[in-house]
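Participant: This is the structure I want to talk about, given as structure tokens.
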Amino acid sequence: MKNYHQIKSLVILIGVFIVSVSAPVLSQFEANNAIAELSILQDALDGQDINERTIKDVRERSVALRAEALGCVDEIEPQVETLKLEVEALEQINPEVDIEIYERLSDARNRLTKEDAKLKNCSLTVVRSTRIIDLSNKLLNELTTELLSEKGTNILEAIATLPNQISQLPELFLDSALERMNSQSLVFLVLFLILGFSFGFFIGDQIKKIQYYDIFKGLNRELILNLRSLFKPFGRVQAPVLFGSLGIAAAVSTTLSVDASESWIVRLALSPFLASLAYVFINLVTGSFSPASIEGENKIKQAKKLKQKLRFLTLILVLSYIVFGPDWLTSDIASEQSFMRIGIVSVLIISMISILNTVTLVFASDGQYGILKFIGYSALGISFLAELSGFHNLSSFVLSGFMITLMSAYILWSLLELNESSIEWVNNSTSVAGVRIRNFFNLTRVTAKSRLAIYQLFFDAVFWIVFITVLFRIWDPTGTVLGTISSYATDGIPMGDIRIIPSNIIAGIIAFAILTAVTGWIKRWIDRRWLKQITSDRGARDALVTIVGYTGFTISLLVGLSIGGVNITGLAVVAGALSVGIGFGLQSIANNFISGIILLFERPIKAGDFVSVGDVEGIVKKISIRATEVETLDNQDMLIPNSELISGRVTNWVLHNPYGRIIIEIGVAYGSDVEKVKEILEKVSADHDQVITDGRASPPKALFMGFGDSSLDFQLRVRILDIKKRYDVLSDLNFEINKIFSKEGIIIPFPQRDIHIKDESKKK
């Protein structure tokens with residue numbers, strides 16, 4: 001454990017060092033230089049020879065300059081306002097009163113003029129950069145619209161020119177790489193083939209022997225078979241061939257300096273390996289490891305159909321990749337091999353429609369995701385019609401976007417399911433790993449569910465944000481929408497005289513969450529590592545840990561607000577308003593707050609004490625800043641305001657020690673042997689294990705208190721070790737006293753009255 005803490009501390013120090021070294025050095029923003037650069041960017045947009053890449057570069061640089069200019073405005077604007085107030089105040093003073101007033105006024109005016117000029121230049125930079133960004137977005141949208149609306153060869157024209165296209169087919173397979181083959185290339189080819197074949201045989205053999213590994217020996221056989229089924233494409237027979245072909249691709253690419261986009265030979269060698277990876281993914285989607293609960297005869301049947309359809313789609317994609325290259329869907333082959341292009345795209349669309357229909361049967365039920373299914377069919381229909389009509393760019397854009405969206409949606413759904421199942425496993429697992437994880441995060445059975453829900457919410461939010469960002473990347477090729485959103489997120493949304501910056505707010509929330517988590521870790525570390533050695537008093541440790549927790553929370557809140565863009569100095573106004581509110585409606589809350597601080601410092605009571613507050617009696621469980629939680633003897637949790645503990649009468653039975661006194665009042669019948677009664681009472685109490693008889697307190701004593709109406713009155717006074725057990729001790733002593741009195745013939749009388757009836761008839 002000691003080594004663990006040392007390593008952990010070392011990692012933290014290294015991280016801090018890396019962050020400090022890698023932190024960029026902020027340079028002062030020069031508005032004049034920025035204005036000059038914006039002029040150059042404007043000229044670039046006004047030029048005749050302009051393309052998409054140039055426009056995006058101009059927009060990216062303009063966005064950066066706008067962000068710097070906004071930062072400049074935010075920095076200088078408060079300074080200008082302060083200087084204006086200073087100048088106005090100095091102008092009200094007669095310079096003849098003090099000669100320094102004139103000098104101060106002149107200096108303030110000079111500084112105001114200088115800073116105001118900077119502010120105007122920064123504001124001008126913001127305006128000009130915004131105009132360039134808007135113009136860039138307009139040009140990008142026009143280019144994209146022009147590209148997507150470009151019309152090529154339709155299906156009828158492709159059929160008409162089919163003979164000419166067939167005659168050009170051999171040109172697709174003319175590979176210059178084959179002409180550069182020599183003896184050295186062949187040697188490398190054979191060498192890489194042997195290496196790939198050997199490595200593939202090793203991988204396949206390891207997958208075959210997966211059940212014999214120590215890490216998997218504790219797993220059941222069904223799980224082992226499912227793992228082997230998942231990696232079936234890399235079995236003992238297939239793996240040597242797959243990695244051998246991969247070696248051929250590596251040899252050709254290395255020796256001939258060609259990549260997959262240039263040579264169909266390289267693509268042919270890569271295709272078996274790529275297809276196998278796709279088959280592994282298909283097995284994951286439709287097999288036992290799928291996040292979907294594929295149970296029941298109907299779903300299992302539909303999952304098998306889905307597997308076949310996905311394999312067919314993979315085959316079509318691999319063949320297209322071999323013949324046309326990795327970018328064939330967005331390349332210019334439509335003008336040369338339009339019929340083949342239209343045919344392949346049509347087969348892909350029909351295959352995707354069939355897959356979409358089966359996917360809904362496997363992963364959805366009772367009409368779930370109906371609207372998404374409709375959108376998918378609509379997108380595929382648009383792509384199909386566009387392809388037949390000759391709008392190949394539009395068809396490729398919609399088809400590729402749909403395929404990537406479907407893949408991204410599945411990954412998102414899998415991550416959400418994995419997150420939920422992981423949280424559930426951590427919460428309910430009884431394994432050693434589950435217990436260690438809960439101990440590391442200080443999770444109990446009571447708090448685990450609520451605290452883990454926060455982690456689940458955080459990761460779900462991250463997954464959704466990434467997914468939405470991917471959607472914007474897919475369906476917004478120009479990046480104008482995402483760029484606008486990003487600009488609002490980083491530059492802020494103006495609202496009157498203030499600007500709300502969402503990125504700063506999110507950063508502030510994240511900083512607050514991180515610092516709060518660090519505070520919790522520090523509390524546990526201080527309690528376990530230091531306070532246990534300093535004091536064994538649980539109450540003192542709880543008080544110090546609570547104070548550290550509130551201090552850390554306050555610091556976390558202030559840091560989070562500062563990063564979020566809240567002016568901390570402005571909180572003084574809020575504090576003033578709060579003080580007025582305290583004087584009226586919040587005085588009870590303030591009273592409890594101050595009382596809680598007094599309880600933590602003075603510690604008249606602490607966690608574990610047995611106290612009586614009014615008619616409430618029980619054990620103190622927790623002292624918070626507003627109220628104290630007391631568990632009564634009936635196992636009820638009572639929240640007592642701290643002000644009652646400070647201003648009211650509180651009995652702490654165990655303030656200095658847990659000892660307590662019990663008084664038992666007993667009456668015996670007249671005529672009883674009082675000496676014997678005294679002896680019995682003192683002996684019974686002395687025999688009890690909770691009664692103090694070793695001199696730490698006064699010994700048990702029976703006192704003859706007086707002569708009652710019906711009995712001789714005694715009191716038995718005893719000191720016990722734990723006052724919290726006084727009712728148990730009282731009951732035990734009463735049982736034993738009654739038992740011995742009955743045995744010895746000592747009678748405990750009940751109240752008696754003599755009734756005299758007056759006879760009035762004798763008077764007559």
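Participant: Using a 10 Å cut-off on Cβ atoms, rank the peptides 157-164, 300-307 from the highest mean neighbour count down. The partial results should precede the final answer.
Facilitator: Numbers: 157-164: 12.6, 300-307: 16.8.
Highest-to-lowest ranking by the protection proxy: 300-307, 157-164.
Participant: Still on this structure: Count charges around ALA260 for me, please; just the other residues with Cβ under 11 Å from its Cβ, Lys/Arg as +1, Asp/Glu as -1. Please list the in-between numbers first.
Facilitator: Details: positive: ARG267; negative: ASP259, GLU262, ASP327.
Overall, the nearby charge balance is -2.
Participant: Net charge around CYS122, counting only other residues with Cβ within less than 12 Å of its Cβ (Lys, Arg = +1; Asp, Glu = -1)? List each step's numbers first, then the result.
Facilitator: Details: positive: ARG66, LYS118, LYS120, ARG128; negative: GLU30, GLU68, ASP74, GLU75, GLU77, GLU115, ASP116.
Within the 12 Å Cβ shell, the charges total -3.
Participant: Between SER39 and ASP615, how many nm apart are label points set 7 Å from Cα along the C-beta direction?
Facilitator: So the label points at SER39 and ASP615 sit 8.7 nm apart.
Participant: Further question on the same structure: What's the FRET efficiency of ASN439 with ILE510 using the Cβ-Cβ distance as r and R₀ = 25 Å, to the nearest 0.05?
Facilitator: Values: r = 26 Å, r/R0 = 1.02.
That pair, ASN439 with ILE510, gives E of 0.45.
Participant: In this model, which of LYS621/LYS724; LYS678/LYS725; LYS676/LYS701; LYS676/LYS739 are farther than 21 Å apart at the alpha-carbon?
Facilitator: Numbers: LYS621/LYS724 14 Å; LYS678/LYS725 24 Å; LYS676/LYS701 13 Å; LYS676/LYS739 15 Å.
The pairs that break the limit, which is 21 Å between Cα atoms, are LYS678/LYS725.
Participant: Rank these for me by crowding, SER742, SER290, going from fewest to most other beta carbons within 10 Å. Kindly include the intermediate steps, with their values, before the conclusion.
Facilitator: Numbers: SER742 11, SER290 17.
Starting with the residue having the fewest Cβ neighbours, the order is SER742, SER290.
Participant: Past the 19 Å Cα-Cα mark, which pairs from LYS208/LYS309; LYS209/LYS301; LYS118/LYS138; LYS523/LYS622; LYS209/LYS232?
Facilitator: On the way: LYS208/LYS309 27 Å; LYS209/LYS301 30 Å; LYS118/LYS138 30 Å; LYS523/LYS622 16 Å; LYS209/LYS232 13 Å.
Too far apart for the 19 Å limit: LYS208/LYS309; LYS209/LYS301; LYS118/LYS138.
Participant: In addition: If you take every residue apart from GLY660 with its C-beta less than 13 Å away from the C-beta of GLY660, what net charge results, scoring Lys and Arg +1 and Asp and Glu -1? Please report the intermediate quantities before stating the final value.
Facilitator: On the way: positive: ARG661, ARG696, ARG717, ARG719, LYS724, LYS725, ARG726; negative: ASP609, GLU617, ASP722, ASP728.
It works out to a net charge of +3.
Participant: I'd like the Karplus ³J(HN,Hα) series for the stretch 190-201: coefficients 6.51, -1.76, 1.60, θ = phi - 60°, whole numbers in Hz, and an x wherever there's a Gly or Pro.
Facilitator: Karplus values, whole Hz, x for Gly and Pro: 5, 4, 5, 5, 5, 4, x, 4, 5, 5, x, 4.
Participant: Put a dot 7 Å past each Cα toward the Cβ at ASN226 and THR651; how far apart are the dots in nm?
Facilitator: 6.2
Participant: Using the beta-carbon distance between GLU424 and ASP728 and R0 = 41 Å, what value does 1/(1 + (r/R0)^6) give for FRET efficiency, to the nearest 0.05? Please report the intermediate quantities before stating the final value.
Facilitator: Values: r = 42 Å, r/R0 = 1.02.
That pair, GLU424 with ASP728, gives E of 0.50.
Participant: A further question follows. Nearest 0.05, what FRET efficiency do ALA686 and SER742 give at R0 = 22 Å with Cβ-Cβ as r? Write out the running numbers ahead of the final one.
Facilitator: Working: r = 20 Å, r/R0 = 0.91.
After rounding to 0.05, the efficiency reads 0.65.
Participant: Here's another thing I want to ask about it. Return GLU60, GLU644, GLU387, GLU675 ranked ascending by Cβ neighbour count within 10 Å, so the fewest neighbours appear first.
Facilitator: Numbers: GLU60 14, GLU644 18, GLU387 27, GLU675 9.
So the ranking, lowest neighbour count to highest, is GLU675, GLU60, GLU644, GLU387.
Participant: Quick one: order SER711, SER685 by neighbouring beta-carbon count within 10 Å, fewest to most.
Facilitator: On the way: SER711 20, SER685 27.
Placing the least packed residue first, the sequence is SER711, SER685.
Participant: For the pair ASN357/GLU146, report the inter-label distance in nm, with labels modelled 7 Å from Cα in the Cβ direction.
Facilitator: It is 4.2 nm.
Participant: Test of understanding: what is the full-extension gain from ILE757 to ASP74, defined as 0.36 nm times their sequence separation minus their Cα-Cα distance? The partial results should precede the final answer.
Facilitator: Values: separation 683, 0.36 × 683 = 245.88 nm, distance 10.37 nm.
Stretched fully, the ILE757-ASP74 segment lengthens by 235.5 nm.
Participant: Another one. Pull out the extension gain between TYR102 and THR632, defined as 0.36 nm times the separation in residues minus the alpha carbon to alpha carbon distance; nm, one decimal.
Facilitator: Working: separation 530, 0.36 × 530 = 190.80 nm, distance 7.40 nm.
Result for the pair: 183.4 nm of gain on full extension.
Participant: What's the extension gain from ALA160 to PHE750 if we count 0.36 nm per residue and subtract their Cα-Cα distance?
Facilitator: Details: separation 590, 0.36 × 590 = 212.40 nm, distance 12.30 nm.
Gain in length upon complete extension: 200.1 nm.
Participant: Dipole of the stretch 660-744, Cα-centred, from +1 at each Lys and Arg C-beta and -1 at each Asp and Glu C-beta, to the nearest 20 debye? Let's see the in-between values first.
Facilitator: Details: 13 positive and 15 negative charges, 64 e Å.
Charge dipole, the stretch 660-744, about its Cα centre: 300 debye, nearest 20.
Any read-out appearing in this document is the output of simple, stated calculations on the displayed coordinates, not a laboratory observation. This structure is a prediction, so every number in the text was calculated from the model and none was measured. For neighbour counting, all protein chains shown are included, and Cβ atoms are generated from backbone atoms with ideal geometry for every residue, glycine included.
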